[in-house]
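Contents: one structure, followed by commentary.
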Amino acid sequence: MNRRQLLIAAAAAAALPGLSFSARLFAAPTAAPRTLLVFLRGGYDCNNLLVPYGSDFYYESRPNLAIARPDARDPQSAIALDSHWGLNPVLRDSLYPLWQRKEMAFVPFAGTDDLSRSHFATQDSIEAGQPNQPSRRYDSGFLARLVRQVPDSAPMAFTDALPLSFQGGRDIPNLSLRSAGRVPFDARQANILSSMYQHTAYAAAASDGLALRQKVSQELEQEMLAANRGAANAQNFATQTRRMASLMREQYRLGFVDVGGWDTHVNQGSTQGPLANNLANLGQGLAAYAEAMGEHWKNSLVIVVSEFGRTFRENGAKGTDHGHGTVYWVLGGAVRGGRLAGEQVAVNAQSLLQNRDYPVLNNYRDLLGGLLATTWGLTGAQVQQVFPSSRPNALGLV
(Lines give C-alpha, C1' and ligand atoms only; values in the text may rest on other atoms or scores of the structure.)
Protein backbone atom coordinates (compact mmCIF):
# COMPACT_ATOMS: atom_id res chain seq x y z
CA MET A 1 0.00 0.00 0.00
CA ASN A 2 1.42 3.38 -1.00
CA ARG A 3 1.13 6.58 1.02
CA ARG A 4 -1.89 7.85 -0.97
CA GLN A 5 -3.79 4.61 -0.43
CA LEU A 6 -2.96 4.67 3.28
CA LEU A 7 -4.24 8.25 3.65
CA ILE A 8 -7.45 7.37 1.83
CA ALA A 9 -8.08 4.37 4.07
CA ALA A 10 -7.32 6.32 7.25
CA ALA A 11 -9.51 9.26 6.26
CA ALA A 12 -12.38 6.95 5.37
CA ALA A 13 -12.14 5.07 8.66
CA ALA A 14 -12.17 8.32 10.64
CA ALA A 15 -14.85 10.13 8.70
CA LEU A 16 -17.27 7.39 7.74
CA PRO A 17 -17.90 5.14 10.74
CA GLY A 18 -20.70 2.69 10.06
CA LEU A 19 -21.14 3.73 6.43
CA SER A 20 -20.54 1.35 3.56
CA PHE A 21 -18.51 2.75 0.63
CA SER A 22 -21.29 1.43 -1.59
CA ALA A 23 -23.84 3.98 -0.32
CA ARG A 24 -26.06 5.42 -3.03
CA LEU A 25 -28.77 8.04 -2.82
CA PHE A 26 -31.65 5.99 -4.21
CA ALA A 27 -34.97 7.55 -5.16
CA ALA A 28 -37.96 5.32 -4.44
CA PRO A 29 -41.29 5.78 -6.24
CA THR A 30 -43.79 7.68 -4.11
CA ALA A 31 -46.38 4.90 -4.08
CA ALA A 32 -43.87 2.07 -3.56
CA PRO A 33 -44.23 -0.27 -0.56
CA ARG A 34 -41.89 0.35 2.36
CA THR A 35 -40.71 -2.62 4.43
CA LEU A 36 -38.65 -2.40 7.63
CA LEU A 37 -37.31 -5.46 9.46
CA VAL A 38 -36.50 -4.88 13.14
CA PHE A 39 -34.26 -7.54 14.70
CA LEU A 40 -34.25 -7.74 18.52
CA ARG A 41 -30.86 -9.27 19.23
CA GLY A 42 -30.53 -11.19 22.46
CA GLY A 43 -33.77 -13.15 22.46
CA TYR A 44 -36.44 -11.05 24.15
CA ASP A 45 -38.90 -12.46 26.69
CA CYS A 46 -42.14 -12.60 24.72
CA ASN A 47 -44.05 -13.90 27.75
CA ASN A 48 -43.84 -10.49 29.40
CA LEU A 49 -44.73 -8.68 26.21
CA LEU A 50 -47.73 -10.79 25.24
CA VAL A 51 -48.98 -11.98 28.61
CA PRO A 52 -50.87 -15.32 28.69
CA TYR A 53 -53.02 -14.09 31.56
CA GLY A 54 -55.60 -16.82 31.02
CA SER A 55 -53.01 -19.41 32.10
CA ASP A 56 -52.63 -20.29 35.80
CA PHE A 57 -49.40 -22.04 34.79
CA TYR A 58 -47.93 -18.65 33.81
CA TYR A 59 -48.42 -17.32 37.33
CA GLU A 60 -47.11 -20.51 38.92
CA SER A 61 -43.99 -20.36 36.73
CA ARG A 62 -43.19 -16.69 37.34
CA PRO A 63 -43.70 -15.77 41.00
CA ASN A 64 -41.51 -12.67 40.63
CA LEU A 65 -41.88 -11.79 36.94
CA ALA A 66 -45.54 -12.37 36.08
CA ILE A 67 -47.65 -9.38 35.07
CA ALA A 68 -51.01 -9.16 36.84
CA ARG A 69 -54.22 -10.13 35.11
CA PRO A 70 -56.13 -7.22 33.52
CA ASP A 71 -57.72 -5.00 36.16
CA ALA A 72 -59.16 -1.59 35.30
CA ARG A 73 -58.19 -0.39 38.79
CA ASP A 74 -54.53 -1.40 38.39
CA PRO A 75 -52.49 0.51 35.77
CA GLN A 76 -49.67 -2.01 36.19
CA SER A 77 -51.84 -4.93 35.11
CA ALA A 78 -51.89 -6.40 31.60
CA ILE A 79 -54.01 -4.75 28.92
CA ALA A 80 -56.53 -7.34 27.72
CA LEU A 81 -56.25 -8.02 23.99
CA ASP A 82 -58.69 -10.93 24.07
CA SER A 83 -59.88 -13.47 26.63
CA HIS A 84 -56.47 -15.18 26.85
CA TRP A 85 -53.75 -12.66 26.05
CA GLY A 86 -52.76 -9.25 27.40
CA LEU A 87 -50.17 -6.60 26.57
CA ASN A 88 -47.47 -5.25 28.86
CA PRO A 89 -48.86 -1.91 30.14
CA VAL A 90 -45.64 -0.03 29.32
CA LEU A 91 -46.94 -0.07 25.72
CA ARG A 92 -50.30 1.47 26.58
CA ASP A 93 -49.56 4.88 25.04
CA SER A 94 -47.36 3.76 22.13
CA LEU A 95 -48.33 0.47 20.49
CA TYR A 96 -51.74 -0.20 22.02
CA PRO A 97 -53.35 2.58 19.91
CA LEU A 98 -52.00 0.82 16.78
CA TRP A 99 -53.60 -2.40 17.99
CA GLN A 100 -56.89 -0.59 18.56
CA ARG A 101 -56.73 0.80 15.01
CA LYS A 102 -56.07 -2.76 13.79
CA GLU A 103 -52.69 -1.70 12.41
CA MET A 104 -50.77 -4.20 14.53
CA ALA A 105 -50.89 -7.95 15.06
CA PHE A 106 -48.89 -10.52 16.99
CA VAL A 107 -47.85 -14.00 15.87
CA PRO A 108 -47.11 -16.15 18.95
CA PHE A 109 -45.34 -19.51 18.84
CA ALA A 110 -43.15 -18.18 16.01
CA GLY A 111 -39.51 -18.76 15.19
CA THR A 112 -37.04 -21.09 13.58
CA ASP A 113 -36.45 -24.83 13.73
CA ASP A 114 -32.89 -24.17 14.98
CA LEU A 115 -32.70 -25.69 18.46
CA SER A 116 -29.17 -24.65 19.34
CA ARG A 117 -30.40 -21.86 21.66
CA SER A 118 -27.21 -20.06 20.68
CA HIS A 119 -27.56 -16.33 20.01
CA PHE A 120 -25.09 -16.30 17.15
CA ALA A 121 -26.09 -19.57 15.53
CA THR A 122 -29.79 -18.77 15.62
CA GLN A 123 -29.36 -15.17 14.49
CA ASP A 124 -27.28 -16.36 11.55
CA SER A 125 -29.84 -19.06 10.80
CA ILE A 126 -32.67 -16.52 10.63
CA GLU A 127 -30.74 -13.98 8.60
CA ALA A 128 -29.61 -16.64 6.13
CA GLY A 129 -33.25 -17.67 5.67
CA GLN A 130 -32.34 -21.13 4.42
CA PRO A 131 -33.67 -24.57 5.39
CA ASN A 132 -32.17 -26.05 8.55
CA GLN A 133 -29.83 -28.58 6.99
CA PRO A 134 -26.09 -29.40 7.12
CA SER A 135 -25.44 -27.79 3.72
CA ARG A 136 -26.80 -24.38 4.77
CA ARG A 137 -24.71 -21.44 3.56
CA TYR A 138 -24.06 -18.31 5.58
CA ASP A 139 -22.73 -16.10 2.78
CA SER A 140 -26.19 -15.31 1.43
CA GLY A 141 -28.90 -13.48 3.37
CA PHE A 142 -32.60 -13.55 2.56
CA LEU A 143 -32.89 -9.76 2.19
CA ALA A 144 -30.02 -9.77 -0.32
CA ARG A 145 -31.85 -12.44 -2.29
CA LEU A 146 -35.03 -10.35 -2.12
CA VAL A 147 -33.11 -7.40 -3.55
CA ARG A 148 -32.05 -9.57 -6.50
CA GLN A 149 -35.71 -10.36 -7.19
CA VAL A 150 -36.77 -6.70 -6.82
CA PRO A 151 -33.97 -4.64 -8.41
CA ASP A 152 -35.58 -1.29 -7.57
CA SER A 153 -36.10 -2.10 -3.88
CA ALA A 154 -33.66 0.65 -2.80
CA PRO A 155 -32.29 -1.19 0.28
CA MET A 156 -30.62 0.32 3.35
CA ALA A 157 -29.30 -1.19 6.59
CA PHE A 158 -29.47 1.20 9.55
CA THR A 159 -26.62 -0.62 11.27
CA ASP A 160 -22.92 -0.22 12.12
CA ALA A 161 -21.98 -3.05 9.77
CA LEU A 162 -23.84 -4.74 6.95
CA PRO A 163 -25.98 -7.50 8.53
CA LEU A 164 -25.81 -11.06 7.25
CA SER A 165 -29.36 -10.77 5.92
CA PHE A 166 -28.14 -8.23 3.34
CA GLN A 167 -24.90 -10.02 2.45
CA GLY A 168 -24.17 -12.08 -0.62
CA GLY A 169 -25.75 -9.82 -3.22
CA ARG A 170 -25.07 -6.47 -4.77
CA ASP A 171 -23.51 -3.60 -2.84
CA ILE A 172 -25.97 -2.37 -0.22
CA PRO A 173 -25.43 0.75 1.90
CA ASN A 174 -25.43 0.75 5.67
CA LEU A 175 -25.51 3.71 8.02
CA SER A 176 -25.77 3.61 11.79
CA LEU A 177 -27.88 6.47 13.11
CA ARG A 178 -26.67 5.81 16.64
CA SER A 179 -23.22 7.23 15.89
CA ALA A 180 -24.39 10.16 13.80
CA GLY A 181 -25.00 12.63 16.60
CA ARG A 182 -23.20 15.62 15.12
CA VAL A 183 -21.85 16.81 11.79
CA PRO A 184 -18.47 15.01 11.54
CA PHE A 185 -16.98 17.43 9.02
CA ASP A 186 -17.83 20.71 7.33
CA ALA A 187 -18.18 21.33 3.59
CA ARG A 188 -14.46 22.09 3.20
CA GLN A 189 -13.45 18.85 4.91
CA ALA A 190 -15.98 16.90 2.85
CA ASN A 191 -14.51 18.34 -0.37
CA ILE A 192 -11.01 17.37 0.75
CA LEU A 193 -12.09 13.82 1.54
CA SER A 194 -13.99 13.52 -1.73
CA SER A 195 -11.00 14.77 -3.73
CA MET A 196 -8.82 12.05 -2.22
CA TYR A 197 -10.94 9.48 -4.07
CA GLN A 198 -10.76 11.20 -7.44
CA HIS A 199 -9.47 9.00 -10.25
CA THR A 200 -10.01 5.85 -8.17
CA ALA A 201 -12.60 3.11 -8.39
CA TYR A 202 -14.21 4.52 -5.21
CA ALA A 203 -14.83 8.06 -6.49
CA ALA A 204 -18.59 7.85 -7.06
CA ALA A 205 -19.24 5.69 -3.98
CA ALA A 206 -17.25 8.00 -1.71
CA SER A 207 -19.03 11.10 -3.01
CA ASP A 208 -22.48 9.58 -2.47
CA GLY A 209 -21.52 8.17 0.91
CA LEU A 210 -20.21 11.51 2.15
CA ALA A 211 -23.36 13.28 1.00
CA LEU A 212 -25.60 10.79 2.80
CA ARG A 213 -23.58 10.93 6.02
CA GLN A 214 -23.61 14.73 5.97
CA LYS A 215 -27.36 14.95 5.38
CA VAL A 216 -28.31 12.60 8.22
CA SER A 217 -25.82 14.16 10.66
CA GLN A 218 -27.11 17.66 9.98
CA GLU A 219 -30.70 16.57 10.67
CA LEU A 220 -29.71 14.95 13.95
CA GLU A 221 -27.69 17.98 15.05
CA GLN A 222 -30.69 20.22 14.42
CA GLU A 223 -32.84 18.02 16.65
CA MET A 224 -30.22 18.13 19.41
CA LEU A 225 -30.15 21.94 19.28
CA ALA A 226 -33.94 22.02 19.59
CA ALA A 227 -34.01 19.68 22.60
CA ASN A 228 -34.70 22.51 25.08
CA ARG A 229 -38.00 23.09 23.24
CA GLY A 230 -39.27 19.60 23.87
CA ALA A 231 -37.55 17.68 21.06
CA ALA A 232 -36.71 14.03 21.71
CA ASN A 233 -33.15 13.20 22.72
CA ALA A 234 -31.08 12.45 19.63
CA GLN A 235 -29.75 9.24 21.20
CA ASN A 236 -33.03 7.47 21.88
CA PHE A 237 -34.68 4.98 19.59
CA ALA A 238 -37.67 7.19 18.82
CA THR A 239 -35.39 9.82 17.31
CA GLN A 240 -33.57 7.16 15.30
CA THR A 241 -36.82 5.83 13.89
CA ARG A 242 -37.96 9.31 12.89
CA ARG A 243 -34.76 9.65 10.89
CA MET A 244 -35.29 6.21 9.41
CA ALA A 245 -38.82 7.19 8.45
CA SER A 246 -37.51 10.30 6.71
CA LEU A 247 -35.09 8.22 4.65
CA MET A 248 -37.64 5.49 3.96
CA ARG A 249 -40.17 8.04 2.77
CA GLU A 250 -37.79 9.82 0.45
CA GLN A 251 -35.13 7.38 -0.70
CA TYR A 252 -35.38 3.79 0.50
CA ARG A 253 -37.94 1.02 0.33
CA LEU A 254 -36.37 -1.93 2.15
CA GLY A 255 -34.76 -1.32 5.55
CA PHE A 256 -33.15 -3.28 8.35
CA VAL A 257 -32.33 -2.18 11.91
CA ASP A 258 -31.26 -4.19 14.94
CA VAL A 259 -31.80 -3.39 18.61
CA GLY A 260 -29.74 -5.06 21.33
CA GLY A 261 -30.07 -5.52 25.08
CA TRP A 262 -32.68 -8.30 25.24
CA ASP A 263 -30.64 -11.01 26.98
CA THR A 264 -32.26 -10.77 30.43
CA HIS A 265 -30.78 -13.53 32.60
CA VAL A 266 -30.79 -11.52 35.85
CA ASN A 267 -33.36 -9.18 37.50
CA GLN A 268 -35.45 -8.92 34.34
CA GLY A 269 -38.44 -7.23 35.95
CA SER A 270 -42.03 -7.19 34.75
CA THR A 271 -43.64 -3.75 34.31
CA GLN A 272 -40.47 -2.14 35.63
CA GLY A 273 -36.84 -3.04 35.07
CA PRO A 274 -34.58 -3.68 32.05
CA LEU A 275 -37.11 -5.55 29.91
CA ALA A 276 -39.90 -3.04 30.53
CA ASN A 277 -37.55 -0.16 29.76
CA ASN A 278 -36.49 -1.79 26.50
CA LEU A 279 -40.09 -2.50 25.51
CA ALA A 280 -41.15 1.06 26.32
CA ASN A 281 -38.28 2.49 24.28
CA LEU A 282 -38.99 0.17 21.37
CA GLY A 283 -42.72 0.92 21.49
CA GLN A 284 -42.12 4.66 21.45
CA GLY A 285 -39.74 4.24 18.53
CA LEU A 286 -42.14 2.20 16.44
CA ALA A 287 -45.02 4.56 17.19
CA ALA A 288 -42.80 7.48 16.17
CA TYR A 289 -41.90 5.66 12.95
CA ALA A 290 -45.57 5.11 12.11
CA GLU A 291 -46.36 8.75 12.75
CA ALA A 292 -43.36 10.04 10.81
CA MET A 293 -44.19 7.90 7.77
CA GLY A 294 -47.29 10.03 7.30
CA GLU A 295 -49.35 9.03 4.28
CA HIS A 296 -46.82 6.32 3.44
CA TRP A 297 -47.77 4.39 6.61
CA LYS A 298 -50.77 2.94 4.77
CA ASN A 299 -48.31 1.32 2.36
CA SER A 300 -45.72 0.29 4.95
CA LEU A 301 -44.90 -2.99 6.64
CA VAL A 302 -42.83 -3.37 9.81
CA ILE A 303 -41.85 -6.85 11.01
CA VAL A 304 -40.25 -7.34 14.45
CA VAL A 305 -38.37 -10.59 15.01
CA SER A 306 -35.90 -12.05 17.50
CA GLU A 307 -33.68 -15.12 17.35
CA PHE A 308 -35.65 -16.97 20.03
CA GLY A 309 -37.81 -16.52 23.11
CA ARG A 310 -36.92 -17.18 26.74
CA THR A 311 -37.58 -20.02 29.13
CA PHE A 312 -41.19 -20.01 30.28
CA ARG A 313 -40.22 -20.42 33.93
CA GLU A 314 -38.15 -17.74 35.60
CA ASN A 315 -34.70 -18.73 36.85
CA GLY A 316 -33.15 -18.38 40.31
CA ALA A 317 -31.75 -14.95 39.48
CA LYS A 318 -35.20 -13.50 38.73
CA GLY A 319 -34.51 -13.58 35.03
CA THR A 320 -35.05 -15.93 32.10
CA ASP A 321 -32.71 -18.04 30.00
CA HIS A 322 -32.41 -18.89 26.30
CA GLY A 323 -35.57 -20.43 24.93
CA HIS A 324 -37.11 -21.32 21.59
CA GLY A 325 -40.51 -20.09 20.34
CA THR A 326 -41.22 -16.37 20.51
CA VAL A 327 -43.72 -13.73 19.36
CA TYR A 328 -43.31 -11.77 16.14
CA TRP A 329 -44.92 -8.39 15.58
CA VAL A 330 -46.44 -7.19 12.30
CA LEU A 331 -47.32 -3.51 11.92
CA GLY A 332 -48.52 -1.28 9.08
CA GLY A 333 -51.34 0.90 7.90
CA ALA A 334 -52.69 -1.84 5.66
CA VAL A 335 -52.10 -4.72 8.11
CA ARG A 336 -55.22 -6.67 9.09
CA GLY A 337 -54.38 -6.37 12.74
CA GLY A 338 -56.04 -6.18 16.10
CA ARG A 339 -55.65 -9.94 16.44
CA LEU A 340 -53.30 -12.81 17.20
CA ALA A 341 -52.49 -14.73 14.04
CA GLY A 342 -51.16 -18.18 13.31
CA GLU A 343 -51.35 -21.58 14.94
CA GLN A 344 -51.58 -21.61 18.74
CA VAL A 345 -51.81 -24.04 21.64
CA ALA A 346 -52.96 -23.71 25.22
CA VAL A 347 -50.28 -22.35 27.54
CA ASN A 348 -49.63 -25.12 30.06
CA ALA A 349 -46.88 -27.49 31.12
CA GLN A 350 -47.92 -30.12 28.57
CA SER A 351 -47.52 -27.75 25.61
CA LEU A 352 -43.97 -26.65 26.42
CA LEU A 353 -41.10 -27.82 24.24
CA GLN A 354 -38.73 -30.00 26.27
CA ASN A 355 -40.60 -28.86 29.39
CA ARG A 356 -39.06 -25.36 29.15
CA ASP A 357 -39.94 -23.27 26.07
CA TYR A 358 -42.73 -22.20 23.76
CA PRO A 359 -42.80 -24.53 20.74
CA VAL A 360 -42.47 -23.07 17.24
CA LEU A 361 -45.73 -23.60 15.37
CA ASN A 362 -45.35 -20.75 12.87
CA ASN A 363 -42.07 -20.98 10.97
CA TYR A 364 -40.45 -17.62 10.29
CA ARG A 365 -39.49 -18.51 6.70
CA ASP A 366 -43.08 -19.33 5.84
CA LEU A 367 -44.42 -16.21 7.55
CA LEU A 368 -41.85 -13.78 6.14
CA GLY A 369 -42.08 -15.42 2.74
CA GLY A 370 -45.83 -14.89 2.69
CA LEU A 371 -45.63 -11.31 3.93
CA LEU A 372 -42.89 -10.30 1.50
CA ALA A 373 -44.55 -12.10 -1.41
CA THR A 374 -47.79 -10.22 -0.91
CA THR A 375 -46.14 -6.86 -0.22
CA TRP A 376 -43.69 -7.01 -3.12
CA GLY A 377 -45.84 -8.97 -5.56
CA LEU A 378 -43.45 -11.92 -5.85
CA THR A 379 -44.26 -15.00 -7.87
CA GLY A 380 -44.06 -18.43 -6.29
CA ALA A 381 -40.73 -19.04 -8.01
CA GLN A 382 -39.34 -15.75 -6.72
CA VAL A 383 -40.35 -16.55 -3.15
CA GLN A 384 -38.46 -19.84 -3.41
CA GLN A 385 -35.37 -17.91 -4.44
CA VAL A 386 -35.66 -15.82 -1.28
CA PHE A 387 -36.71 -18.65 1.07
CA PRO A 388 -35.87 -22.01 -0.55
CA SER A 389 -38.26 -24.88 0.27
CA SER A 390 -40.57 -22.58 2.24
CA ARG A 391 -44.36 -22.70 2.33
CA PRO A 392 -45.31 -19.01 2.20
CA ASN A 393 -48.18 -18.07 4.49
CA ALA A 394 -48.96 -14.44 5.32
CA LEU A 395 -51.63 -15.62 7.79
CA GLY A 396 -54.07 -13.16 6.22
CA LEU A 397 -52.17 -10.23 7.75
CA VAL A 398 -51.65 -8.37 4.45
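The values are calculated or read from the model by the stated rules, or taken from the named source; none is laboratory data. Quantities reported herein were computed from a predicted structural model and do not represent experimental measurements. Please note: Cβ atoms are built from the backbone with ideal geometry, for glycine as well, and neighbour counts cover all protein chains shown.
Structural remarks
- Scope segment 295-338; condition of a type in the set (D, E, K, R), surrounded by fewer than 24 Cβ atoms within 10 Å (Cβ to Cβ) and under 22 Å from Gln272 (Cβ atoms); matching residues: Arg313, Glu314, Lys318, Asp321
- Residues within segment 53-111 that are over 26 Å from the mean Cα position of the chain (by Cα) and basic (Lys, Arg), tallied: 3
- Checked against the criteria, Val107 does not count as in contact (Cβ under 8 Å) with a residue 24 or more places away in the chain, β-branched (Val, Ile, Thr), surrounded by 15 or more Cβ atoms within 10 Å (Cβ to Cβ) and under 23 Å from Pro274 (Cα atoms).
- Test: residue in segment 104-116 that is out of contact with any helix residue (DSSP H, G or I) (no Cβ under 8 Å at 6 or more places or on another chain) and farther than 30 Å from Asn299 by Cβ: yes
- Between Asp366, Asp357, Asp321, the distinction of being in contact with a Pro (Cβ under 7 Å, 6 or more places away or on another chain) and at pLDDT 95 or above belongs to Asp366 only.
- Tallying residues that are among the basic types (Lys, Arg) and over 20 Å from Leu282 (Cα atoms) within segment 70-101 yields 1.
Table: residues versus (1) over 14 Å from Thr112 (Cβ atoms); (2) within 21 Å of the chain's Cα centre (by Cα).
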residue: Glu291; (1), (2): yes, yes
residue: Lys298; (1), (2): yes, yes
residue: Val304; (1), (2): yes, yes
residue: His322; (1), (2): no, yes
residue: Trp329; (1), (2): yes, yes
residue: Ala341; (1), (2): yes, yes
residue: Thr379; (1), (2): yes, no
residue: Arg391; (1), (2): yes, no
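- Enumerated helices (runs of 4 or more DSSP H) restricted to segment 58-164, each holding at least 2 residues that are farther than 27 Å from Gly332 by Cα and of a type outside the set (Val, Ile, Thr): 119-128
- Checking segment 141-149 against the condition returns a match, with at least one residue being closer than 30 Å to Asn47 by Cβ and free of Cβ contacts under 8 Å to residues at least 40 places away in the same chain.
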